[in-house]
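To keep things clear, I will list the structure first and then write my remarks on it.
The values are calculated or read from the model by the stated rules, or taken from the named source; none is laboratory data. Because the structure is a prediction, the values reported are computed rather than measured. Note that we place each Cβ from the backbone using ideal geometry, even for glycine, and neighbour counts take in every protein chain shown.
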Amino acid sequence: MSGIAGLLHLDGSPVDVTLLRRMTGTLAFRGPDAQDVWTSGPVGFGHTLLRTMDESAREHQPLSFDGQVWITADARVDARAELVAKLGAAGRCAVLTAPDVELILHAYHAWGEDCVQHLLGDFSFAIWDAPQRKLFCARDHFGVKPFFYAQIGNVLVFSNTLDCVRLHPAVSGRLDDLFIADFLLFAMSQDVERTAFADVRRLAPAHTLICAAGAASTRRYWTLPTDGYIRYKKDRDYIEHFWNLFQQAVRDRVRSNHAVVSMSGGLDSPAVAAVAKQSLAERFSEFDLRAFTFVFEQLIPDREGHYAGLVANILGIPIQFIRLEEREPFDEWLSRECQTREPLLEPYSAFTRTTYEQIAASRVLLTGYGGDPLMCPPVAHVIRLTRHFRVGPLLSGFARYWWRYRRKPPLGGMRQRLRTWFGVAAEAPEFPDWLNQSFVARLGLVERWQQTNRPPPSLPSSCQEACRAMVANFWSFTFEAQDAGSTGQPVEVWHPFFDLRLVHYVLSIPPIPWFWDKMLLREAIRRVLPEEIRQRPKSPLVGDPVANYLRMQPRHWVDRFVPVAGFSEYVVRDKIPQIAGSERSSKWWLHLRPLALNLWLQRLSVLRPPSKT
């Protein structure tokens, strides 16, 4: 979770070292272990270091091997042994104990811009190639590591922290209206390259940024393949292959003797915890692995605490239960301390902040994110087989699932897709009538809303739902919300299910029966988790806790907020319906977005927040 920053003057003028040091200093919360800057005429890099792995004990950045090519990086490199072997074959003398940043720099020396084709892991980095007068930047495949940049005239400024880029005096505070529109319509931007500020851009996942000859350009270097094809004769071969890759994914992310797991009572995060425990026990005589779980006790029926506690007891690790009723939703929305970088619809943000403060000492947080989208129910594949009267694979998959679990596979989203196939339309999402009509007309928001809500085109893959889900914009924004740039805490958050090796494999095998109710994962964890967990059906939350909160304990301040300057450009305040105490629970989340935007605009204006009544 290092902090990176940099400046490049395209006109050749020297960078302002004082400004660069100030930018780097604001990243100290990301990397409390070391801090340094490097400059050479029109270019300068800054770096703050957080040590989370054994290999980082001797790491120092910005880094150069020859004084000509320099790097600043926030990165974790996976499959290190394989990469070192490839580097050796390419004539680079890299060692397995080298810090990750050294391996990336070796890769650039060996393959130039194609180095990203040889890198696995989560990374965000910038390289200055003095002989070629070129700045080369890259962001990892799924966007786990953020990268922000702005080009204003002859100045290019970048960082992995939005606020750091905005420190440059040439970067204005002008808002990006289309980003604001997307937040109000969809709760997140539909364009992953946009930020809330017109001058600042995101580097999209799986993209590089190259600045040379006075011009900057981006390009995609990777697309999730949809044509993978792996078939085995025996079921156990599918399971063993998955389990080996999954263990590798977890082990590559646990490279010190301490970690925390964000653990639910389901399958994904308990599987991560079990493998992390095995990996730590194999490598260290003493280690610290612990877990935490968010639980509800009153707002909704919730048994996550029971199942998560059962897993923790079986694994022999301590667990902390964070009771969400101990603080009210929205509390932090009204706090001066809640300085979200962009508009955010998250009523329980106070718990995120508090939790990250508590686990900062461990520095590494593991999640089970990615298990659901990776093994998405293959609805389109089922429909395709049915349309072509190819019922053999369906019957075979059904029989194999029944034989193992003595219950029919859950249909997931298949019912609605089948209803649509037979002409029974689903309820259309609502276009909010509280949007300012001149704002709607100027940006063509009705057309944008219609286009976004159209069914996506079919993909040439039997796993097309999973392919889409794994690279959805939602994940990039979710990863950024957990990044230190948002939480303010030096915590690395790793997601083993987003390991590229694992993803490529799973999306290449038959989704039936392996994706039904995550049968692949259920069979793989047979050896490490109790049957009560392994056999537990998929159980989403029973009800909406925020909706129940607003219904049971109406908080009228959500309906009485006073618009701040600029709010009326986007929303007509008087058209927002009442939320507190309303029974229209399906519309609450939609109608809370203007409030979230207003509070964010208020903080930008440094105005006094509204009081509760």
For residue 523, are the conditions met, namely being more than 22 Å from the chain's Cα centre (by Cα), of a type in the set (Asp, Glu) and surrounded by fewer than 18 Cβ atoms within 10 Å (Cβ to Cβ)?
no
Output yes when any residue across the stretch 97-118 is among the β-branched types (Val, Ile, Thr) and at pLDDT below 95, and no when none is.
yes
Among residues belonging to the stretch 1-45 that are among the polar types (S, T, N, Q) and assigned to a loop (DSSP other than H, G, I, E, B), point out the one that is farthest from residue 74 (Cα to Cα).
13
Could you say whether any residue in the stretch 57-79 is in a helix (DSSP H, G or I) and under 30 Å from residue 359 (Cβ atoms)?
yes
Filtered residues of the stretch 80-94 (kept if modelled with pLDDT of 95 or more and either not charged (D, E, K, R) or not in a loop (DSSP other than H, G, I, E, B) (or both)):
80, 81, 82, 83, 84, 85, 86, 87, 88, 89, 90, 91
Contacts under 7 angstrom Cβ, first residue in the stretch 341-364 being in contact (Cβ under 8 Å) with a residue 12 or more places away in the chain and closer than 19 Å to residue 594 by Cβ, partner among the β-branched types (Val, Ile, Thr) and part of a helix (DSSP H, G or I), 6 or more apart:
347/546
State the number of residues belonging to the stretch 114-151 that are among the hydrophobic types (A, V, I, L, M, F, W, C) and in a helix (DSSP H, G or I).
2
Going by the conditions given, is residue 52 under 25 Å from the mean Cα position of the chain (by Cα), farther than 17 Å from residue 147 by Cα and crowded, with 22+ Cβ neighbours inside 10 Å?
yes
Odd one out for residue 236 among (1) within 24 Å of the chain's Cα centre (by Cα); (2) over 29 Å from residue 117 (Cβ atoms); (3) part of a helix (DSSP H, G or I):
(1)
For a quick check of your reading of the model, give me the residue pairs whose first member lies in the stretch 177-194 and is free of Cβ contacts under 8 Å to residues at least 24 places away in the same chain, whose second is acidic (Asp, Glu) and not in a helix (DSSP H, G or I), with beta-carbon atoms closer than 6 Å and at least 6 apart or on different chains.
194/176
Filter result for the condition that a residue is more than 30 Å from residue 259 (Cβ to Cβ) and either at pLDDT below 90 or among the small types (Gly, Ala, Ser) (or both), over 564, 542:
542
Does residue 55 meet the test of being touching a strand residue (DSSP E or B) at 6+ places or on another chain (Cβ under 8 Å) and at pLDDT below 95?
no
Return yes or no: is residue 242 within 24 Å of the chain's Cα centre (by Cα), touching a residue at least 12 places away in the same chain (Cβ under 8 Å), closer than 30 Å to residue 279 by Cα and in a loop (DSSP other than H, G, I, E, B)?
no
Quick check on the stretch 217-232. Is at least one of its residues over 19 Å from residue 269 (Cα atoms), assigned to a strand (DSSP E or B), over 21 Å from the mean Cα position of the chain (by Cα) and without any contact (Cβ under 8 Å) to a residue 12 or more places away in the chain?
yes
